[in-house]
1. On the basis of being under 25 Å from Glu66 (Cβ atoms), of a type in the set (A, V, I, L, M) and in contact with a Phe, Trp or Tyr (Cβ under 7 Å, 6 or more places away or on another chain), does Ala270 make the cut?
2. State the number of residues belonging to segment 301-338 that are hydroxyl-bearing (Ser, Thr, Tyr), in contact with a strand residue (DSSP E or B) (Cβ under 8 Å, 6 or more places away or on another chain) and modelled with pLDDT of 95 or more.
3. Cβ-Cβ distance below 9 Å, separation of 6 or more or different chains: which pairs start in segment 295-310 with a residue that is of a type in the set (S, T, N, Q) and end on one that is surrounded by fewer than 13 Cβ atoms within 10 Å (Cβ to Cβ)?
4. Please go through segment 282-338 and give me each residue that is charged (D, E, K, R), surrounded by 13 or more Cβ atoms within 10 Å (Cβ to Cβ) and not in a helix (DSSP H, G or I), ordered by number.
5. Determine the pairs where a residue that is closer than 21 Å to Gly266 by Cβ, located within segment 64-76, has a partner that is assigned to a loop (DSSP other than H, G, I, E, B) and modelled with pLDDT under 95 with Cβ atoms under 7 Å apart, the partner being 6 or more residues away or on another chain.
6. State all residues of segment 111-145 that are of a type in the set (Gly, Ala, Ser) and either closer than 24 Å to Asp213 by Cβ or without any contact (Cβ under 8 Å) to a residue 24 or more places away in the chain (or both); if no residue qualifies, say none.
7. May I ask you to verify whether Ala221 is over 17 Å from Thr333 (Cβ atoms), touching a residue at least 40 places away in the same chain (Cβ under 8 Å) and of a type in the set (A, V, I, L, M, F, W, C)?
8. Kindly indicate the residue of segment 137-163 that is touching an Asp or Glu at 6+ places or on another chain (Cβ under 8 Å) and assigned to a loop (DSSP other than H, G, I, E, B) and also surrounded by the fewest Cβ atoms within 10 Å (Cβ to Cβ) among those meeting that condition.
Amino acid sequence: MMKHLLGGVMAVVAGAALACLSAGTAAAQGNTAQQLQEQWNKDVVGKSVVYIPVAYSVPLTRIWGERMQMIADRLGIKFQVRDPNFDTQREEQLLEAEIGQHPDVLIVHNPNVQVLAPALQRAENAGIYVIQINMASRYKSDAFIGVQPNELGVEMADAVVKACDAPGSSHKIALMDGEVTSAYSLGIMEGATSVFKQHADIQIVSNQAANWDSKTAHDKAATVLQAHPDLCGYMGWWSGQDSGIAQAVKQAGLSGKVKIFTTDGGEPPACQYLKEGLFYEDFIYPAVLQADQMMSTAVTLLQSHTKPGTMHLAIFSPVNPTTAENVTPTSCTELSQK
């Protein structure tokens, strides 16, 4: 009898202990969640992020901007865009002005490796976190998010060689660089050159730059096509610029004969060019994912409480080779009608 009584008492005590433990754990979890929310409100809500692309008038930078704006609105972050519209001097001025305004985070798209580097360092010295996107400067800031341009150049050049090194091909190709002093351009060229050097049959008949301008690309390509109507492939650095090459090829009556290789962030015009056969292959990096990573990185930096300039994060974007055969409605991102 005593044994059963003691067993019952022990069971009640154990049950009570478990109940207290569960209640304590729930309370602790509740307090932790509350503490995290309070810390989030302190570190993130109401903070300011300023985005300075090289221009906001092109699909790629608008995809980034519209996506970041949507996320910022949801998180309670103040988000602003400063648009230099392809004016490098203006971009430098906007950046300097923002340092004076002291936002919490600057997200910057460098026109080349040098021009903004000193100002980016000044921004971090002033206590502003700096995230560079797709085109890095010589200054290594808190974070970089974008493609690995050397690897992109290798991948694109391999595709060009595969298409133009076959028997019966002229083996002639042409290159259309963007801004030759940007880290993105330099990296693509370095990677592509390493591939072309391994293929003696490939003949580069033109290597020019269009500074991201489609009309410049069109005019230069038209001249190249007149001199080399048997051209096999044209490799360009960005679809917005390379649309000019496509139009020159079409006007020359060489559509389907001259294969155009390009790259971008999944911009709607490029997907349409693929579907129409104006682009042969597009090496797409996910602009929407990049924008998500930009804002996630901004939030991470804000919560880190580290001194700006002490962290050096890198997130490299995947690249998806896309042709008319595998392009889908999700390959490119729709833009607002603003």
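1. On the way: under 25 Å from Glu66 (Cβ atoms): yes; of a type in the set (A, V, I, L, M): yes; in contact with a Phe, Trp or Tyr (Cβ under 7 Å, 6 or more places away or on another chain): yes.
Criteria met by Ala270.
2. Filtering segment 301-338 for residues hydroxyl-bearing (Ser, Thr, Tyr) gives 304, 306, 310, 317, 322-323, 328, 330-331, 333, 336.
Restricting the remaining residues to those that are in contact with a strand residue (DSSP E or B) (Cβ under 8 Å, 6 or more places away or on another chain) gives 317, 322-323, 331.
If we keep only those that are modelled with pLDDT of 95 or more as well, we get 317, 322-323.
So the count comes out to 3.
3. Every condition considered, the pairs that remain are Gln303/Gln39.
4. At the first step, the residues of segment 282-338 found to be charged (D, E, K, R) are 282, 292, 307, 325, 334, 338.
Retained after the next criterion (residues that are surrounded by 13 or more Cβ atoms within 10 Å (Cβ to Cβ)): 282, 292.
Listed by number, the list holds a single entry, Asp282.
5. Correct list of pairs: Glu66/Leu335; Glu66/Ser336.
6. So the first thing to find is which residues in segment 111-145 are of a type in the set (Gly, Ala, Ser), and the list is 117, 119, 123, 126-127, 136-137, 141, 143.
Correct list: Ala117, Ala136, Ser137.
7. Values: over 17 Å from Thr333 (Cβ atoms): yes; touching a residue at least 40 places away in the same chain (Cβ under 8 Å): yes; of a type in the set (A, V, I, L, M, F, W, C): yes.
For Ala221, the condition - over 17 Å from Thr333 (Cβ atoms), touching a residue at least 40 places away in the same chain (Cβ under 8 Å) and of a type in the set (A, V, I, L, M, F, W, C) - is met.
8. This residue is Ser141.
The values are calculated or read from the model by the stated rules, or taken from the named source; none is laboratory data. Please read all numbers here as calculations on a predicted model, not as lab measurements. Note that we place each Cβ from the backbone using ideal geometry, even for glycine, and neighbour counts take in every protein chain shown.
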